[in-house]
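Before any comments, here is the structure.
The values are calculated or read from the model by the stated rules, or taken from the named source; none is laboratory data. These figures come from a predicted structure and were not determined experimentally. Cβ sites come from the backbone with ideal geometry, for glycine too, and all protein chains shown count toward neighbours. With ligands, DNA and RNA removed, areas are computed over all heavy atoms of the protein, side chains included. Shrake-Rupley method; radii C 1.70, N 1.55, O 1.52, S 1.80 Å.
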Amino acid sequence: MTVAVIALNTFREAKRDRILYLLFFFAALSIAASRVLAILTVGDRVKVVMDVGLASISIFGVLMAILMGTGLVYKEIDKKTIFTLLSKPIHRVEFILGKFLGLVLTLAVMTGLMTLIFLVLLFLHTFRVEWAMFVAVAYIFLELILLTAVAILFSTFSTPILSSIFSLSFYVIGHMSWGLEALIRKIKPGLGRTLVQFLYMVLPDLENFNFKTEVVHGLAIPAGIHAWAVLYGLLYTAFILGLAVLIFRRRDFI
């Protein structure tokens, strides 16, 4: 019950945040611009609209998750409201989970609105509802949930600026770490290869949530890959949230 109350309060606060509407405006503008790009492009115009639309939902969703998530806990500390909150019978784990779920609810609404604009624009090109797009958007949202947990983790012990830099670094590394697999095959056995294998296991692999190419080009996605992506996302999110709770519980506010 306490978690739900904190989550709803977080959602109400997020609705009043100007950054959210600014990012949504540019996201809508970017999705609409895909129609212009499609007209100027030689080739399959529908695929251009799909590519740009999905990329816009992903990029602006990531910015929303990071820029809003990194300030969630810090704002409570900066405004001293954390003292009032923690003086009440609220467990710190409930506070973190409430903040997390509130922002996830906000992102769900914003992702839904961006997807609606995208599908309407796509409908004007194809005159049919492209249901396959929901698959790509669902995994984009799963990635946003994980990034929200990461942003909250950094916000428990750092300032919003540093937390944003750390979270963006996590995102960039997460989309580049797949290259380590190819590097492992090229390195001879030894200390270097062991080190790369360790990094490959530890670093996040956010390409597990990237099905945009498959969806746009109509490629089949095995059921096992779907299941692995969902399991990976849920377990990694739970791990990051666990770390956030551990750090937040050790902080001394009173």
> From the set of residues in the stretch 116-133 that are under 24 Å from the mean Cα position of the chain (by Cα) and farther than 15 Å from LYS47 by Cβ, which is modelled with the lowest pLDDT?
Replying inline: TRP131
>> Pairs please, first residue from the stretch 159-174 and without any contact (Cβ under 8 Å) to a residue 40 or more places away in the chain, second anywhere and buried (at least 18 other Cβ atoms within 10 Å of the Cβ) and assigned to a helix (DSSP H, G or I), Cβ atoms under 6 Å, 6+ apart in sequence or on different chains.
In response: PHE166/PHE154; PHE170/VAL150; GLY174/LEU206
> What do you reckon, is GLY174 under 23 Å from the mean Cα position of the chain (by Cα) and modelled with pLDDT under 85?
Replying inline: no
> If you check GLY53 against the conditions, is it within 25 Å of GLU214 (Cα to Cα), open to solvent by less than 60 Å² (accessible area, probe 1.4 Å) and not in a helix (DSSP H, G or I)?
Replying inline: no
>> Kindly evaluate GLY174 against the criterion of being farther than 19 Å from ILE96 by Cβ, open to solvent by less than 60 Å² (accessible area, probe 1.4 Å) and touching a Pro at 6+ places or on another chain (Cβ under 8 Å).
In response: yes
> Quick one: in the stretch 212-224, which of the residues that are without any contact (Cβ under 8 Å) to a residue 40 or more places away in the chain and among the aliphatic types (A, V, I, L, M) is farthest from LYS47 (Cα to Cα)?
Replying inline: ALA223
> Among the residues of the stretch 1-47, which ones are free of Cβ contacts under 8 Å to residues at least 40 places away in the same chain, farther than 18 Å from GLU76 by Cβ and among the charged types (D, E, K, R)?
Replying inline: ARG18, ASP44
> Does the stretch 129-145 contain at least one residue that is among the β-branched types (Val, Ile, Thr) and surrounded by fewer than 19 Cβ atoms within 10 Å (Cβ to Cβ)?
Replying inline: yes
> Out of curiosity, is VAL3 β-branched (Val, Ile, Thr), out of contact with any Cys (no Cβ under 8 Å at 6 or more places or on another chain) and under 30 Å from LEU101 (Cβ atoms)?
Replying inline: yes
>> For the condition of a type in the set (Gly, Ala, Ser), touching a helix residue (DSSP H, G or I) at 6+ places or on another chain (Cβ under 9 Å), open to solvent by 30 Å² or more (accessible area, probe 1.4 Å) and free of Cβ contacts under 8 Å to residues at least 40 places away in the same chain, what is the one hit in ALA182, ALA238, ALA227?
In response: ALA238
> With THR84, THR106 as the choices, which residue is polar (S, T, N, Q), within 21 Å of THR2 (Cβ to Cβ) and crowded, with 20+ Cβ neighbours inside 10 Å?
Replying inline: THR106
>> So, in the stretch 209-224, how many residues would count as being open to solvent by less than 30 Å² (accessible area, probe 1.4 Å) and within 15 Å of the chain's Cα centre (by Cα)?
In response: 2
